[in-house]
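The values are calculated or read from the model by the stated rules, or taken from the named source; none is laboratory data. Model, not experiment: these values are computed from the prediction. Note that we place each Cβ from the backbone using ideal geometry, even for glycine, and neighbour counts take in every protein chain shown.
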Amino acid sequence: MPPRKRPPQPTNASETPPEVKIRISPPSIPGAEAPPAPGPAPSVSILPANILAGFPPPEREIYKLVFSGGDKGMTQTDIRIKMGVTASTLTKHMRALVNTKGVLKVVTNVHKRGEKIYMDARLDPSPEITGGTWYRNGELDSEAVASARERCLEQVEKLGVATADAILSGIIKDYPSVGYSIEQIRDILRAMALDRSLEEVRSTGAGQFSDLRAGRVCYRKSSAPQGGMMEEIPCGVCPRIDECSPEGVISPRTCVYFKKWLQMDF
Amino acid sequence: MVSQHGILLAAGIIFDHFGPLVSKVCQCLLRHGALPLQEIVRCLDLSPGQVKNSLLVLIQHNCVQAFSSPRGGGDKTSTHYLAIFDNILHRLRFSKFLSVIRADIPESEALLEGLLHNGRLTFNQLVERAIYKVTEGSIRPAREEVRMNFNKLVYAHYVERCPKPEPFVDPLQDEQPTSTRKRAPKTVGKNVSFDKKVVNTASLSDAEKFSEIPYITEDASHANDSPHSDIASAKRKHEALGIDEELNSTIAENEVLWRANFEKFIFCLKKKFCAERKKPKLKVISRHIWESFFEDNLTNKDDNSVTSTLNSILDRVGQKEGGASMTIEHVTRVLEELNICPSSEDPDAFTLDLSRIVEASQYEEMESLVKKKYGQQAFTIFRLLVTQDCPVETDKIIDTTILDKQIVHGTLYKLWKDDYIDSERIASGTGTGNSQFFVWRVKSTFQEQFIDNLYHAALNLRQIINYIIELLLEGSKDETKLRHRKNILILALTRLDDSLMLFHDF
């Protein structure tokens, strides 16, 4: 007898209309506001006892356990171990709670794509799970990052030396429709300082920093990168350097990269 | 311990300069450390005479230091020979040393050239060389003139008296605290520290090393004729010491061996490198002050800092375009912005710590290579790992760099595979205990590996240059093209040598 086919797992709680409709908060828009603090939001409390009384006892317990996980939710493995039930039983209950009753939802962990996380349907998942404000549906929103970087660079070029606050104010003034938070701008500026697009400096309170209090972290445009003495010759970036020896099969005399570099045949 | 390619490069330099036998002996010493004559003969299967002559050549050119060491349990000693790797590599940069002198004391360039060509010479030999080198039609230099130019080199510490020929070193004894060398060993290791110990023991004190030749000659009449007779006569006033001084002078001229002081040249090149490195990043006014600071610095107290007085900086700034209108406050403020701090010893002087610029430049070089080899994302991740003092978790790398997870994972794998970074698996203490994290850090041996790659690249460049020279000697059709390519390679090697100095000598 062929194995019974399992119905496909729902990936999103909103795809199937729930039987018991609970008010679900709209998903947060990336960049709209600062990320919420981890743990259940103060406004969201556990479902009232009269609704829970309508659930079968195992589902009631599962719901309570998942709710205690707050906006970080809980994985199916964690629930199974804590509840001490078999995987098939748990799947049945989870399906009922997510699809039929709509009190729980499934979110994808940005760091572990294969791992489903269950949480109260009314909660927004924490940035640890969603990947933060630069992620949309578990994917990095490269376009949003690129445009934020461009706007930051534009402001630094305009201002010379500026703090993150000044850069944000400049962006809000020039692009009133964008809703960056100061944290988002700080993230972008830190990443830009890492790849040397910008330079992170501390204000001395004098000279070009005369408008800024001493000790504040500022950003200015980075000068052209220095160095590169090694990479100018083929050996610097040679993928076969470990196999190259003076008398070996690969040697400077037989090197195709050198031939190409010097535009000559040895 | 010198890396594999470092040894091959050093042996290659000696091969080109002194031939295969000397190169063999040198390579044997670099591979095995200090050895007595019999051991070298046994290792190389050469005759004792050949090995002895090779050692003499290497000692003459300051590439080997002899020392006596206790043998067995008794009072007997045996002579060991130690190859000095740094001095062998300095042979690559003689042209740079000459350019330092050309800029500072041009009249003494020929004398330094003599010392670099011959390794060690007495003053008399230098004078003979100076006279012999004179071209027809030009005036023969007077002995006093040569002495004056020579003393300028000694006074500026460009030239020093040679170290003791065969000091006694006991490998089991700790290093004497009264070491005359100021520089601490750059790498910690038994072999390196022993090498340094030998060099330190052989080295003379600063007072001995840089003691000039007295202005007393056997033929006093010649001295009176010279333009420096005033100095000479002033010296002669010390009648009580007259005979001693004459004797000293004779010894200093005829018996004392002199050589170029490589440490001083390396410091000059380090100073020049640091000054040039930061210059393009500065605006016009800051650049003038930066240049003025470097143009007139006091004698260095150590190898890591440069000191100049405020007055001399102001004088030099005043001579530059737009510098006359600058106030003391302005100059002081710019100096502080450039991390040039007031000296703790002299309130009117300013000091710059060169080690910070050197360290930053080393990282710039490594980062630049990572960028070229693996791309912009790898550069960002590598910089994050360099700037963090502790290992960084994968998710933290993804969050901080705001890069796509797949790209970060792929790049981390590439960097790990090529031995740039290290990873460690950490089991999570929370949840079911099944999850694990990976933390990443820049490999501790990365810098040594980078230096070994530099040696390898230099070795390859030298090999190709030699090959082109062979082709030229054979009489190739494309002689002009070959010469042009040879020049490109020589230039590339000169630039690569800057990088070698940055990582190994500065």
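Hey, which of the helices (runs of 4 or more DSSP H) in the stretch A:46-146, taking only ones fully inside, have at least 3 residues that are under 23 Å from B:T394 (Cα atoms)?
The qualifying helices (runs of 4 or more DSSP H) are A:127-130.
Among B:E291, B:E329, which is within 14 Å of another protein chain (Cβ to nearest Cβ), over 15 Å from B:C268 (Cβ atoms) and at pLDDT 80 or above?
B:E329
For B:M366, all conditions in the list (1) under 30 Å from B:V306 (Cβ atoms); (2) more than 9 Å from chain A (Cβ to nearest Cβ) hold save one; what is the number of the exception?
(2)
Can you tell me how many residues within the stretch A:208-243 are of a type outside the set (S, T, N, Q), surrounded by 15 or more Cβ atoms within 10 Å (Cβ to Cβ) and within 7 Å of chain B (Cβ to nearest Cβ)?
The qualifying residues number 11.
Hey, any hits in the stretch B:446-462 for a residue that's within 24 Å of the chain's Cα centre (by Cα), more than 12 Å from every other protein chain (Cβ to nearest Cβ) and of a type outside the set (F, W, Y)?
Within the stretch B:446-462, one or more residues are within 24 Å of the chain's Cα centre (by Cα), more than 12 Å from every other protein chain (Cβ to nearest Cβ) and of a type outside the set (F, W, Y).
So which residues in the stretch B:468-486 are surrounded by fewer than 18 Cβ atoms within 10 Å (Cβ to Cβ) and either within 28 Å of the chain's Cα centre (by Cα) or touching a residue at least 60 places away in the same chain (Cβ under 8 Å) (or both), if there are any at all?
Across the stretch B:468-486, the qualifying residue is only B:I469.
Where in the stretch B:319-404 are there helices (runs of 4 or more DSSP H), lying wholly inside it, with at least 3 residues that are closer than 22 Å to A:M192 by Cβ?
Here the list reads B:354-374, B:376-387, B:394-401.
Being touching a Pro at 6+ places or on another chain (Cβ under 8 Å), at pLDDT below 90 and away from chain A (no Cβ under 12 Å) is true for just one of B:E424, B:E479. Which residue is that?
Among B:E424, B:E479, only B:E424 is touching a Pro at 6+ places or on another chain (Cβ under 8 Å), at pLDDT below 90 and away from chain A (no Cβ under 12 Å).
If B:S361 meets every condition in (1) under 34 Å from the mean Cα position of the chain (by Cα); (2) at pLDDT 85 or above; (3) loosely packed, with under 15 Cβ neighbours inside 10 Å apart from one, which number is that one?
(3)
Can you tell me how many residues in the stretch B:433-449 are modelled with pLDDT of 85 or more and either closer than 12 Å to B:L412 by Cα or assigned to a strand (DSSP E or B) (or both)?
Residues flagged as modelled with pLDDT of 85 or more and either closer than 12 Å to B:L412 by Cα or assigned to a strand (DSSP E or B) (or both) within the stretch B:433-449 amount to 5.
Name the residue, out of B:L489, B:L412, that is assigned to a helix (DSSP H, G or I), free of Cβ contacts under 8 Å to residues at least 60 places away in the same chain and at the interface with another protein chain (Cβ under 9 Å from one of its Cβ atoms).
B:L489
Identify all residues within the stretch A:156-180 that are surrounded by fewer than 17 Cβ atoms within 10 Å (Cβ to Cβ) and not aliphatic (A, V, I, L, M); write none if there are none.
Hits for the stretch A:156-180 are A:E157, A:K158, A:G160, A:D165, A:S169, A:K173, A:D174, A:Y175, A:P176, A:S177, A:G179.
When you go through B:S69, B:S54 one by one, which is the residue that is part of a helix (DSSP H, G or I) and among the hydroxyl-bearing types (S, T, Y)?
Exactly one residue qualifies, and that residue is B:S54.
A:S169: more than 15 Å from the chain's Cα centre (by Cα), more than 13 Å from chain B (Cβ to nearest Cβ) and either under 30 Å from A:F209 (Cβ atoms) or modelled with pLDDT of 80 or more (or both), yes or no?
yes
Please tell me if B:D505 is within 12 Å of another protein chain (Cβ to nearest Cβ) and either closer than 30 Å to B:D419 by Cα or of a type in the set (G, A, S) (or both).
For B:D505, the condition - within 12 Å of another protein chain (Cβ to nearest Cβ) and either closer than 30 Å to B:D419 by Cα or of a type in the set (G, A, S) (or both) - is not met.
Within the stretch A:77-117, count every residue that is within 14 Å of chain B (Cβ to nearest Cβ) and under 28 Å from the mean Cα position of the chain (by Cα).
Of the residues in the stretch A:77-117, 13 are within 14 Å of chain B (Cβ to nearest Cβ) and under 28 Å from the mean Cα position of the chain (by Cα).
Only one of these conditions is not met by A:T204: (1) β-branched (V, I, T); (2) out of contact with any Gly (no Cβ under 9 Å at 6 or more places or on another chain); (3) within 13 Å of chain B (Cβ to nearest Cβ). Which number is it?
The number of the failed condition is (2).
Hey, can you tell me all the residues within the stretch A:154-206 that are of a type outside the set (K, R) and part of a strand (DSSP E or B)?
Residues satisfying the conditions are A:V161, A:A162, A:L198, A:E199, A:E200, A:V201.
Taking the stretch B:8-23 on its own, how many of its residues are without any contact (Cβ under 8 Å) to a residue 60 or more places away in the chain and surrounded by fewer than 21 Cβ atoms within 10 Å (Cβ to Cβ)?
Final tally of qualifying residues: 6.
Would you confirm, using the coordinates I've provided, whether A:R151 is under 26 Å from A:N50 (Cα atoms), part of a helix (DSSP H, G or I) and touching a residue at least 12 places away in the same chain (Cβ under 8 Å)?
For A:R151, the condition - under 26 Å from A:N50 (Cα atoms), part of a helix (DSSP H, G or I) and touching a residue at least 12 places away in the same chain (Cβ under 8 Å) - is not met.
Identify the single condition in (1) modelled with pLDDT of 85 or more; (2) more than 9 Å from every other protein chain (Cβ to nearest Cβ); (3) surrounded by fewer than 20 Cβ atoms within 10 Å (Cβ to Cβ) that B:I397 does not satisfy, given that it satisfies every other one.
Result: B:I397 passes all but (3).
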